[in-house]
């Protein structure tokens, strides 16, 4: 920051105490609402992307208010890369299971609408819900986790770059 | 007749646990999220769940059980594993 330029103290080093006290509980609520949106994605508006973005919103909220080093919601590089890889693999494997069993990629083997797979295999992939939506909720969960770590990683990287630029 | 659907609740707890393992509540920080804050959060979450109602499974309990499951998963995850994982972030 250029010398001689006035800036308010609350914006210089630290956030306001009100923000600091309220942000973490609000982030908890946002994350829980995001999880609820993901798990209701097959019967209500919303789904994997929207819920994942809501969870990432809670994480980004904490990063902005507490700073990238002092945030209580810390996502390590290892956690981000592991989760991103695992959920992408899960999505592809669910698609390949449909391809292997019926010849159609991403066939809903849990729902089994056309009766193309044996009932025993359909029971394994069935979602324990009143709607019996098959693999759709699992795909929503995979997309939600992927969006959550992806959007958070972007903001964490930008915060780190900003910090590096300020230090230079 | 209320039919409690356990599947989404269990998945919400697991999902919340995964995210909760990243929440470091024992940092020497100024956010003052103590046991009284957790109790206030739980009370607020129950009120919110009552306001949300039977969502997203419409013949379930009168409160949003998935939402409450996610809150408890987050709290359990942060209490059991939060702050203990060594990250490079």
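Only the coordinates and a few stated rules stand behind these numbers; no lab work does. Because the structure is predicted, anything quoted here is derived from the model rather than measured. Please note: Cβ atoms are built from the backbone with ideal geometry, for glycine as well, and neighbour counts cover all protein chains shown.
How many Cβ atoms of partner chains, on average, are near each residue of A:64-72 if near means within 10 Å of its Cβ?
4
Roughly speaking, what is the centre-to-centre gap between region A:99-168 and region A:52-97 when only Cα atoms are used, to the nearest Å?
If we compute the Cα centre of each part, the gap is 14 Å.
For the residue pair residue A:161 and residue B:43, what label-to-label distance in nm results when each label sits 7 Å from Cα along the Cα-to-beta-carbon direction?
So the two model labels end up 4.5 nm from each other.
From the P(r) of region A:29-98, can you give the percent of Cα pairs sitting at distances over 15 Å? Let's see the in-between values first.
On the way: 1577 of 2415 pairs.
The answer is 65 percent, as a whole percent.
Determine the shielding of peptide B:37-44 by partner chains: average, over its residues, the number of Cβ atoms on other chains within 10 angstrom of each Cβ. It would help to have the intermediate numbers written out before the result.
Numbers: counts 5, 2, 0, 1, 6, 1, 0, 4.
Mean partner-chain Cβ count within 10 Å for B:37-44: 2.
Evaluated at 20 °C with a viscosity of 1.002 mPa s, what Stokes-Einstein diffusion coefficient in µm²/s does chain A have when Rh comes from the Kirkwood expression over alpha-carbon pairs?
Details: Rh = 18.3 Å.
For the chosen part, D equals 117 µm²/s.
At a threshold of 8 angstrom on Cα-Cα distance, excluding pairs fewer than six apart, so keeping six or more, what relative contact order does region A:54-133 reach in percent? Let's see the in-between values first.
Details: 54 pairs, mean separation 11.6, N = 80.
Computed over region A:54-133, the figure is 15 percent.
If the elastic network links every pair of Cα atoms under 10 Å, which of A:130, A:149, A:87 fluctuates the most in the Gaussian network model of chain A?
Most flexible of the set in this elastic network: A:130.
Based on the alpha-carbon gyration tensor of region B:6-80, what equivalent-ellipsoid semi-axes (square roots of 5 times the eigenvalues) come out, in whole Å, largest first?
Working from the Cα gyration tensor, I get semi-axes of 25, 15, 7 Å.
For the Cα atoms of chain A, what angle does the longest principal axis make with the long axis of helix A:77-102, in degrees from 0 to 90, nearest 10?
20
Relative to the longest principal axis of chain A, what angle (0 to 90°, nearest 10) does the C-alpha long axis of helix A:136-167 take?
Relative to chain A, helix A:136-167 is tipped by roughly 20 degrees.
Taking R0 as 30 Å, what's the FRET efficiency between residue A:21 and residue A:85 from their Cβ-Cβ distance, rounded to 0.05?
Step by step, r from the Cβ atoms, then E = 0.25.
So how much slack lies between residue A:131 and residue A:119, counting 0.36 nm per residue of separation and subtracting their Cα-Cα distance, in nm?
Details: separation 12, 0.36 × 12 = 4.32 nm, distance 1.67 nm.
Gain in length upon complete extension: 2.7 nm.
Calculated FRET efficiency, residue B:50 and residue B:6, Cβ-Cβ r, R0 25 Å, to nearest 0.05?
Computed FRET efficiency for residue B:50 and residue B:6 comes out at 0.80.
Could you work out the relative contact order of region A:13-167, using alpha carbon pairs under 8 angstrom and six or more residues apart, expressed as a whole percent?
28
Going by average Cβ density within 10 Å per residue, which order do the peptides A:96-102, A:37-43, A:134-140, B:6-12 take, highest to lowest?
Details: A:96-102: 15.9, A:37-43: 25.1, A:134-140: 22.4, B:6-12: 20.1.
For the peptides A:96-102, A:37-43, A:134-140, B:6-12, the packing ranking is A:37-43, A:134-140, B:6-12, A:96-102.
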